[in-house]
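Here the structure is laid out as structure tokens; the discussion comes afterwards.
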Amino acid sequence: MISVSVRPRWLWASLFALVAALLLLLVWLSGRYDASQVQDRLERDALEVVGTLRSGLMRNNQTLQATFLVAGRSRAEQTEAWALSAERFLLDHRETVRMEWRSPEFKTLLQANSPYKSPVFSQYSHDTYLSELMQTCATARRLGTAAFSPSYFVPMPNGMGMEVMDVCLPVMGLGAQAAPELRGYVLVSYALQDILDNLIPNDLARNQDISFTEGDGTRLAMRGAARRTLRNFTAQQLLDLPGNTLVVRLESWRDAPGLFPNVLTALVMGLFVALMVILWLLSVDMRRRLKAEHELADALAFRKAMEDSLVTGLRARDLQGRITYVNPAFCQMVGFSADELMGLSANAPYWPPELAEEIMRRHAVRLAGNSPPREGFESVFMRKDGSRFPVLIIEAPLINAQGVQTGWMSAFLDISEQRRVEELSRASQDRLQATARLAMVGEMASLLSHELNQPLAAISSYATGSLNMIKSGLSGPADVEQAMQRIALQAERAGKVIKSVHDFVRRRDQARERTQPQALLDAVLPLINLQARKLHVQVQVRVAEGLPEVWCDRTMVEQVILNLARNAMQAMDQPGVRDRRLTLSVQPMAGDEPRCLMFSVADLGPGIAPDIEHQLFQPFFTTKAEGMGLGLSLCRTVVEQHGGTLQYAPNAPRGTVFSFGLTITHHATID
Ligand code: ADP
């Protein structure tokens with residue numbers, strides 16, 4: 001019980017856990033995918049920012065070169081032109097904060113400040129950073145192009161400061177013998193903050209902070225609000241400029257993927273919910289099934305208990321006649337285990353060999369699809385130890401739920417006890433009848449002796465008196481005559497007594513009637529069968545077709561047939577007799593126009609021993625312990641009263657045939 005209810009719960013719990021883990025993994029993976037998308041975009045943006053910055057700065061350099069590399073003019077012209085160009089350049093390029101024109105000796109010749117800002121080197125002179133400037137310019141000369149200086153912090157009067165980076169453009173001219181000659185330097189100062197603010201298009205800066213940082217991550221300048229969120233995405237790129245390399249850092253302040261960041265997650269969540277619902281429905285269904293299973297198991301157990309406690313044997317066979325089921329009562333009845341019987345069809349071990357043929361025939365009839373009688377039939381089965389017992393078999397077709405016949409179901413009742421009781425009552429009835437007959441005979445004898453005693457005594461005394469009278473010679477012939485008359489009277493009375501007994505017997509003549517020979521047999525067959533079953537005797541009845549009626553006292557003739565059949569069966573009830581067959585037959589007596597029907601009772605017993613033949617019909621002669629010896633003599637009397645003779649002859653191959661004839665109705669003299 002416990003294993004049934006706990007195991008599924010564990011299974012369900014692990015299934016739920018697995019599905020939940022799978023779905024969480026999916027959500028996590030989709031989150032990761034989303035994050036990697038954000039990171040990828042950030043990297044792409046960083047590349048774009050770096051590209052934009054480089055191209056902006058390099059374009060500036062080109063503008064500078066185009067604008068300021070002018071030689072051959074007078075000093076005054078140059079000064080004026082430079083001032084104008086610088087002013088325009090500063091006006092056009094908001095990222096620049098200051099321009100200087102320096103001599104080759106680094107003396108400031110001219111300078112201009114961005115009109116958008118307060119002058120940058122007002123507090124600290126630009127010369128504070130002279131060594132860096134000179135180094136940058138040396139690099140520029142070496143490279144032959146404008147070069148960038150490392151950035152540096154310039155404090156401002158308002159307490160703030162800015163990170164500044166210079167560009168040095170060496171201005172060359174042609175000297176003596178047309179040799180290139182350094183004329184000075186144009187220095188442009190960029191504020192890193194303004195580079196970020198002005199050179200990067202707005203759409204690139206919209207969703208992320210862009211900053212210049214040092215190698216250790218210190219921010220030099222930044223565009224954006226520097227928001228802090230749960231998850232920050234960063235990307236770094238190097239901005240390679242001639243003479244300097246800057247680190248550009250992008251930080252996305254996009255939120256980490258939300259609960260439903262994208263369709264995939266939404267889909268996964270939807271699936272998760274659907275799966276959970278289905279699992280729940282399944283578990284409900286499962287629980288219902290389990291309940292139904294339990295109920296079914298209970299019902300089955302109840303049926304099994306019912307079958308096991310039945311005293312009726314049950315056996316099921318399929319359409320081929322193979323045994324498919326036997327209940328314990330059946331096994332107990334025949335003494336074979338269910339395993340020994342399962343699957344057997346013909347020649348089951350509980351068939352008595354002598355009845356095997358008949359049972360096989362019945363079997364074949366059943367397999368041919370003929371239904372057995374509803375009220376059942378009787379047969380004999382054999383136990384494992386060889387003993388026989390009578391059974392009542394009730395068979396019915398086995399119909400399955402679809403209404404199709406799948407075999408035969410049989411119920412068996414062991415009726416040995418019933419038979420024993422019937423036999424007991426029959427025997428005691430027999431004994432009672434015999435006693436009654438004896439009593440009647442005794443009574444009749446005493447009645448006769450009593451009735452005859454008086455006339456005989458009277459005759460005897462009259463005779464003695466007459467003799468005395470004759471001897472004395474005193475009396476005359478008249479006296480003797482009177483005595484003789486009295487004797488005759490008494491003798492007549494005695495005759496009357498005898499006649500009255502005879503009349504009593506003859507009175508049965510009036511009980512004679514027309515009777516069908518079959519009806520005579522039918523009346524006694526139940527009684528004969530009863531005994532036949534007990535003694536395992538097979539009864540055969542052979543009545544020729546279309547026989548006429550006979551004229552007889554039904555009760556008496558029936559008694560004759562019963563007595564003869566009983567004697568025959570008792571004769572076969574001996575250990576040596578295997579083939580126990582009793583044949584009752586009626587046939588017309590030989591002759592062209594038979595007057596009689598011949599009734600015969602044949603057995604296969606040991607026959608009649610020659611030494612008892614002459615006493616066979618004597619009253620009270622018997623060879624049986626319980627016998628009365630009146631049967632055959634009574635039979636003979638009855639048969640003779642009907643005008644026939646009771647005969648017997650040896651039967652073939654053994655045994656005896658008793659036979660007698662009865663007159664056919666139209667030949668009988670009806671009185
Ligand atoms: P009971 O049957 O009471 O012995 P019966 O007068 O019917 O009296 O039979 C007398 C005897 O005749 C029997 O005891 C038996 O020995 C013998 N007998 C009668 N019928 C047969 C028979 N069919 N086969 C052999 N013996 C028989």
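Quick notes on this one:
- Among residues of the stretch 219-236 that are surrounded by fewer than 20 Cβ atoms within 10 Å (Cβ to Cβ) and part of a loop (DSSP other than H, G, I, E, B), those with a Cβ under 9 angstrom from a residue that is at pLDDT below 65 and basic (Lys, Arg), sequence gap 6+ or separate chain, pair up as Thr229/Arg254; Arg231/Arg254.
- Qualifying positions in the stretch 567-589 - within 12 Å of the ligand (Cβ to nearest atom) and among the hydrophobic types (A, V, I, L, M, F, W, C): Ala568, Met569, Ala571, Met572, Val577, Leu582
- Among residues of the stretch 46-85, those that are at pLDDT below 85, buried (at least 16 other Cβ atoms within 10 Å of the Cβ) and hydroxyl-bearing (Ser, Thr, Tyr), counted: 1
- Among the candidates Leu525, Leu547, residue that is among the aliphatic types (A, V, I, L, M) and in a loop (DSSP other than H, G, I, E, B): Leu547
- Residue within the stretch 517-539 that is modelled with pLDDT of 85 or more, touching a Cys at 6+ places or on another chain (Cβ under 7 Å), over 25 Å from Leu424 (Cα atoms) and surrounded by 14 or more Cβ atoms within 10 Å (Cβ to Cβ) present: no
- In the stretch 592-610, the residues that are charged (D, E, K, R) and at pLDDT below 95 reach residues that are part of a loop (DSSP other than H, G, I, E, B) and open to solvent by 50 Å² or more (accessible area, probe 1.4 Å) with C-beta atoms within less than 8 angstrom, at least six apart or across chains, in these pairs: Arg595/Met589.
- One residue stands out among those in the stretch 613-633 that are open to solvent by 40 Å² or more (accessible area, probe 1.4 Å) and within 6 Å of the ligand (Cβ to nearest atom): the one that is farthest from Met569 (Cα to Cα), which is Phe621.
- The residues of the stretch 590-608 that are assigned to a strand (DSSP E or B) and within 16 Å of the ligand (Cβ to nearest atom), listed by number, are Phe599, Ser600, Val601, Ala602.
- Selection count, the stretch 132-166, where residues are outside any strand (DSSP E or B) and under 21 Å from Leu220 (Cα atoms): 11
- Among residues of the stretch 200-215, those that are open to solvent by 10 Å² or more (accessible area, probe 1.4 Å) and farther than 14 Å from Leu47 by Cα, counted: 6
- Failed item, numbered, when Met556 is tested on (1) within 13 Å of the ligand (Cβ to nearest atom); (2) surrounded by 13 or more Cβ atoms within 10 Å (Cβ to Cβ): (1)
- For the residues Leu535, Leu564, the requirement of being touching a residue at least 40 places away in the same chain (Cβ under 8 Å), within 16 Å of Met598 (Cα to Cα) and within 16 Å of the ligand (Cβ to nearest atom) singles out Leu564.
- Output for the stretch 641-670, where each listed residue is within 15 Å of the ligand (Cβ to nearest atom) and either within 60 Å of the chain's Cα centre (by Cα) or not small (Gly, Ala, Ser) (or both): Leu646, Gln647, Tyr648, Pro650, Asn651, Pro653, Arg654, Thr656, Val657, Phe658, Phe660
- When each of Arg102, Arg88 is tested for being crowded, with 19+ Cβ neighbours inside 10 Å and either among the charged types (D, E, K, R) or more than 24 Å from Leu246 (Cβ to Cβ) (or both), the lone residue that passes is Arg102.
- Looking across the stretch 366-401 at every residue that is among the basic types (Lys, Arg) and not in a loop (DSSP other than H, G, I, E, B), the one that is farthest from Cys331 (Cα to Cα) is identified as Arg366.
The values are calculated or read from the model by the stated rules, or taken from the named source; none is laboratory data. Here the structure is a predicted model, which is why all the values come from computation and not from measurement. Note that each Cβ is placed from the backbone with ideal geometry, even for glycine, and that neighbours are counted across all protein chains shown. Accessible surface is based on the protein model in full, side chains and every heavy atom, while ligands, DNA and RNA are left aside. Shrake-Rupley method; radii C 1.70, N 1.55, O 1.52, S 1.80 Å.
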